[in-house]
Amino acid sequence: MKTLYIDCSMGAAGDMLAAALLELMPDADAALAQMNAFGIHGVAYARERMAKCGIMGTHLSVKVHGEEEGRDDREMAAVYQLLADAESRAHGRPVGEVHFHEVGALDAVADIAAVCWLLAELAPDEVVVSPIHVGSGTVRCAHGILPVPAPATAFLLEGVPSYSDGAVQGELCTPTGAALLKHFATRFGPQPTMSVKAVGYGAGAREFEGRANLLRASLGESVAGGDADEVFELVCNIDDMTGEEIAFACERLFAAGAKDVLTIPVTMKKGRPGVMIQALCAVADHDALVAAMFRHTTTLGIRETRCRRQVLARREETVALSDGKTVRRKVSEGYGVRRTKLEFDDVAAAARAADLPIRDVVSDF
């Protein structure tokens, strides 16, 4: 599968995204000429090589009537609709009364047109985007000094994994960048297992001490059936709960979104027997799982580790039994491995209905 991975560890802006994608084109000069033929009145694209902390990237500038500051297709209209809706919510006004203070006019049109066209030319089957670094501190905009991220950006990032490490002062993710990524991202997460064929760096204009202000785009082929994700491993030790209470706590952890929960017998201080409870959860479910673990156990502290894991691609299919009934079958594959397993609850229900041992029900499989 042709996969585009976008690393937003230094945020995202429309010009940086366009510049990174431009570097992925087989002939960047020819692509730039095509972009300048869009026919956006008074707009000219220019590219220059630029070093950020010793790493070379492309800075894409948009000049409007000679000063730096399209194509009207469905993708552009959709991205601009996201921007308009976000600005409308931020300012409490109908979309028709919105002024695009923070996204400009022609420069934003030019950035959006460039990204839409470049993605159409690169034609990835999926676009995977990392969690987006938004920066920290404040930003000066048309309505005064506001906290980062700016209101429109904050609305656009609803439902999108984002973060701030507090170390970079300033706005790293712009409304245009947020809108483009939200529209085009197939999913958000770490880089999948892939064979990278080309890497492009889009350089931002600002300088940050000790940080390369670059957006990186990697284009390649993802490994068939293979994938990677990130999970939290939450662990606590218990020595003052009954077995029934621990079983109930594990049940509630699953209800809170845990991917897996297990218990391990341990020996604690002064030789006391105890139980270690370990739960795995998606990054998005971290807070809910922590709250559930504190609520349903007697622990005073939880250890946590953020883990990257390799997983087989999983899907579910339906198969027919000899008597015409159907059961679900789980299929896991990737990295040259393929495994199948019938859904036990379905098999058990079929066995009860036919008054047969489970082995007889599954004998055909």
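The values are calculated or read from the model by the stated rules, or taken from the named source; none is laboratory data. Since we're looking at a predicted model, the values are computed, not measured. Ideal geometry is used to build each Cβ from the backbone, glycine not excepted, and the neighbour counts take in all protein chains shown.
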Query - Options A292, A349, A284; residue that is out of contact with any Asp or Glu (no Cβ under 8 Å at 6 or more places or on another chain) and over 29 Å from R187 (Cβ atoms) - result: A349
Query raised in the report: How many residues does region 120-138 hold that are surrounded by fewer than 17 Cβ atoms within 10 Å (Cβ to Cβ) and of a type in the set (V, I, T)?
Result: 1
Report summary line: Counting only residues in region 1-11 that are among the aliphatic types (A, V, I, L, M) and crowded, with 24+ Cβ neighbours inside 10 Å, the one nearest to T193 (Cα to Cα) is identified as L4
Report summary line: Among (1) closer than 30 Å to A351 by Cβ; (2) under 21 Å from the mean Cα position of the chain (by Cα); (3) modelled with pLDDT of 95 or more, L280 falls short only on (1)
**Report entry** Matching residues in region 301-320 - criterion: being among the aliphatic types (A, V, I, L, M) and touching a Phe, Trp or Tyr at 6+ places or on another chain (Cβ under 9 Å)
**Finding:** I302, L312, V319
Report task. Looking only at region 329-342, decide whether some residue is in a loop (DSSP other than H, G, I, E, B), surrounded by 13 or more Cβ atoms within 10 Å (Cβ to Cβ), more than 27 Å from the chain's Cα centre (by Cα) and among the basic types (K, R). Result -> no
Report task. Filter region 227-277 down to the residues that are in contact with an Asp or Glu (Cβ under 8 Å, 6 or more places away or on another chain) and of a type in the set (A, V, I, L, M), then identify the one that is modelled with the lowest pLDDT. Result -> M268
Query - Unique residue being in the same structural domain as A114 (by TED's automatic domain parsing), loosely packed, with under 13 Cβ neighbours inside 10 Å, at pLDDT below 95 and within 27 Å of A212 (Cα to Cα) when the list is G66, G14, G54, G39 - result: G54
**Report entry** Some residue of region 103-116 being loosely packed, with under 15 Cβ neighbours inside 10 Å, touching a helix residue (DSSP H, G or I) at 6+ places or on another chain (Cβ under 7 Å), closer than 20 Å to A18 by Cβ and modelled with pLDDT of 90 or more
**Finding:** no
Report summary line: The strands (runs of 3 or more DSSP E) lying wholly within region 158-275 that contain at least 2 residues that are closer than 27 Å to R295 by Cβ are 226-238, 260-267
Report task. Could you pull out the residue among V139, V129, V134, V160 that is of a type outside the set (S, T, Y) and closer than 22 Å to S222 by Cα? Result -> V129
Report summary line: Restricted to region 227-249 and to residues being among the hydrophobic types (A, V, I, L, M, F, W, C) and surrounded by fewer than 18 Cβ atoms within 10 Å (Cβ to Cβ), the residue nearest to T305 (Cα to Cα) is V235
